[in-house]
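Only the coordinates and a few stated rules stand behind these numbers; no lab work does. All figures in this text were calculated on a predicted structure; none of them were measured in a lab. FYI the Cβ positions are ideal-geometry reconstructions off the backbone, even for glycines, and counts take in every protein chain you see.
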Amino acid sequence: MARRLLRRASTRTERMRPSLFRLAFATAFGLACAIGAQAKPAIAQFGEPKYPPNFTHFDYADPDASNTGTLHFQNYDQAQSYDSLNPFIVRGQFAPDVRNLMFDTLMQRSWDELASEYPLIADDVEVAPDGRSATFHINPKAHFSNGDPITAADVKYSFDTLKSQQASPMISSQFSEIKRATVVDRSTVRFDFVDNSRAAPLIAGDIPVFSPKWGMQPDGKRLPFDQISVEPPIASGPYLVEQRKNDKEIIYRRDPNYWAADLPSRRGMFHFDRIVFKLYLDQYVKLEAFKAGTDDVDREYSATQWARKYVGKNFDSGLLRKETFPDGPAQMQGFVINTRKPEFQDQRVRHALALAFDYDWMNRMMFYGQYTRLNSFWDASPFGATGMPSEKELKLLEPFRAELPPEVFGPMVKQPSTKPPGSLRANLRQARELLAEAGWHYRDGALRNDAGTPMRIEIMDDEPGFDRLLIPYMQALQTLGIDAHMREIDSALYQKRLDSFQFDITTYIYPPVTIPGIELERRFSSKAASQVGSENYSGIRSKAVDALVHAAISAANLDDLEAATRALDRVLINEYYLVPQYYEADARIAYKTTIGHPKVVPTTYQSEDWIIDYWFPKGKRPMSTQASAEKIPAETGTH
């Protein structure tokens, strides 16, 4: 089954052993008072940065690889079309990877550490002794693609814009721990924080920077930011838009004047002169185009496709290769149930919907056993709940006992199974009992409430071919008397409906995080439930959830954080705000053997961005980034 990662956060994630995590966290809090007002070229949320001040490149980068050629890429993030070049607003579906390729951040996170940042637009950062502010100095060489120098005022403008109501709540909420930005001088900007969170300086370092001239009209007036959609960005990143033929294809070309190409945090990145994205409506057409040699790389999310379809003459000849790579931590993926709909506001109804999902049969018959069932929002993590609640968890949960399902206070629930002695028939029998308790009874050929209204469920999706996985689930729902059907729509319309919560049920993935934090607010808080474009797709409005989210964000030590997230996990799972599905432990990537990848695989990465950022063409003499870029002809495409 394909996975969907929509509106990804800019921060990266990392798989880490619990013992190492505990040591890092304890060390961080032990050193909290030792943070001094001293400018540093790199910062770490916990402990010290891995790389010394004189490092030349990240271990997982290959600075000696070739810098030339064109990378032909397929659907990015499963998107089938796009209609915007602005990745920071609610309006529209933004172009493939535009944020990564065209907008640099103040600092660059490494992909092989818990949480560390290195110089990019800012060449150093000074964290105040009390941890309530951080001051960044802008590299004097930094400039936009139009030649304008990047100044502290530009950084403040970017931050203020992203914090405003013109930006998507998914974006603005990422910076909620930052109170304000102040221009100290032309090259220096200070950020004041809401509290002394150790994450706040790194969150400030994640701010993408764009020019105030972006969206400027010939008459000198600037469009409101939330109306900047088709205007090509004035880039702070390594690539420019060369050509947009239609909503199914876009070509980026490397900026020949990109100033940061030789920074240690950028060396060994962006090896291709051009990157072409082609967005296919049909995954089978996409695969056949790759097998024919039209495209260079294919990130496969379908277990069936991977097991059966990656064969043919180009694989036999050695032109194409399929390979799996470790894919970082598990992420929560599931059928999100929109509790804004009256019929889904009863927990017993949502529980019944979970009982109708036969994961074991699907994994055996369709997925070739390639997936692992999810039982937690933080599966295989020290933050996920297991067994009975601890004393600390109970202390957090007890004030809300009256409003929570009693199962929250017992052993952590496992998702329904159909392995013997269990069966789908037994699960559906239990589901029917729960529906009856909630006032839904089967009569006159349908499941109806006391008013006689039948239950109808539309499962929204934007991925062709996904119906083969939805049909068994819909059939189980129909066995209960529910009028369940699927609505397949274009990805741009899908995003619009998702942002405005116009759906009954859909599949969504919550991108994993190394350490739970501020993202919990935009995913689960009552406030986010009413914010168009937020990540609280289930519409959760719960005093218990709000209190546990606050406890996690304000945790003073690892034990408190673990207790808060485990308690939160118990509530979310037992309230059945979604039907947990499964995750893949490895990234399935097929590619032309004319394309190479670094020997070192980072410990955390988004596979598409790893390919785009660090893979390279093989068989050609390496040249410097600048020399390669100078060979790119002038821009000729239409905008």
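What are the ³J(HN,Hα) values, in whole Hz, obtained from phi via the Karplus relation 6.51 cos²θ - 1.76 cosθ + 1.60 with θ = phi - 60°, for each residue of the stretch 576-591 in sequence order, with x given for Gly and Pro?
Karplus values, whole Hz, x for Gly and Pro: 6, 6, 8, 9, x, 10, 6, 9, 9, 7, 10, 7, 9, 10, 10, 7.
Which shape class applies to the stretch 226-344: rounded if a/c is under 1.5, otherwise prolate when a/b exceeds b/c and oblate if not, where a ≥ b ≥ c are the square roots of the Cα gyration tensor eigenvalues?
oblate
What are the trypsin sites (Lys or Arg not before Pro) within the stretch 553-601 that DSSP puts in a loop, where the Cβ has at most 10 other Cβ atoms within 10 Å?
Lys599
Mean residue ellipticity at 222 nm from the helices of the chain, using -39,500 (n - 2.57) per DSSP H segment of n ≥ 4 over the full residue count, to the nearest 500 deg cm²/dmol?
Helix-only estimate at 222 nm: -7500 deg cm²/dmol.
For the stretch 332-583, what does the relative contact order come out to in percent, with C-alpha contacts under 8 Å and a separation of six or more?
Here the relative contact order equals 36 percent.
Please list, in order along the stretch 257-263, the HN-Hα scalar couplings obtained from phi with the Karplus expression 6.51 cos²θ - 1.76 cosθ + 1.60 (θ = phi - 60°), rounded to whole Hz, x for Gly and Pro.
10, 4, 6, 9, 4, 9, 5
Can you return the lysines within cross-link range of Lys309? Criterion is Cα-Cα under 21 Å, with same-chain partners fewer than 8 residues away left out.
Lys278, Lys286, Lys291, Lys322, Lys592
How much net charge surrounds Val183 when only the other residues with a Cβ under 9 Å from the Cβ of Val183 are counted, with Lys and Arg +1 and Asp and Glu -1?
Summing Lys and Arg as +1 and Asp and Glu as -1 gives +2.
Just need the relative contact order of the stretch 509-609 here, percent rounded to a whole number, with Cα pairs under 8 Å and 6+ apart.
17 percent
Dividing the Cα convex hull volume of the stretch 375-461 by residue count, how many Å³ per residue is that?
Residue-normalised Cα hull volume stands at 181 Å³.
With labels modelled as points extended 7 Å from the Cα through the Cβ direction, what inter-label distance (nm, one decimal) is found for Met486 paired with Met388?
According to this spin-label approximation, the distance is 4.4 nm.
Roughly what % antiparallel, to the nearest 5, for the DSSP beta bridges in the stretch 424-514?
35 percent
Can you find, among Pro389, Phe409, Ala354, the residue sitting farthest towards the positive end of the charge dipole of the stretch 334-414, where Lys and Arg contribute +1 and Asp and Glu -1 at Cβ?
Ala354
Over 16 Å apart: what share of the alpha carbon pairs of the stretch 71-164 falls there, rounded to a whole percent?
69 percent
Expressed as a rounded percentage, what relative contact order does the chain have, with Cα pairs under 8 Å and six or more residues apart?
23 percent.
Using alpha carbons only, how many angstrom separate the centre of the stretch 135-159 from the centre of the stretch 254-268?
That distance is 16 Å.
Classify the stretch 482-619 as rounded, prolate or oblate, taking a ≥ b ≥ c as the square roots of the eigenvalues of its Cα gyration tensor: rounded when a/c is under 1.5, otherwise prolate if a/b is larger than b/c and oblate if not.
oblate
For the stretch 119-170, count all C-alpha to C-alpha pairs, find those more than 18 Å apart, and express that count as a whole percent of the total.
Summing the P(r) tail past 18 Å for the stretch 119-170 gives 47 percent.
What translational diffusion coefficient, to the nearest whole µm²/s, does the chain have by Stokes-Einstein, given a Kirkwood radius computed over alpha-carbon pairs, a temperature of 4 °C and 1.567 mPa s viscosity?
Once the numbers are plugged in, D ends up at 50 µm²/s.
When DSSP beta bridges are limited to those with both residues in the stretch 332-583, what percentage is antiparallel, rounded to the nearest 5?
Among the beta bridges of the stretch 332-583, antiparallel pairing accounts for roughly 65 percent.
Determine the principal axes of the Cα atoms in the stretch 332-583, then give the extent along each, sorted from largest to smallest and rounded to whole angstroms.
55, 43, 42
State to the nearest 20 debye the size of the charge dipole of the chain about its Cα centre, where the only charges are +1 on K and R beta carbons and -1 on D and E beta carbons.
680 debye
So, in Å, what gap is there between the alpha-carbon centers of the stretch 486-524 and the stretch 300-338?
Spelled out, the Cα-based centre of one part sits 22 Å from the other.
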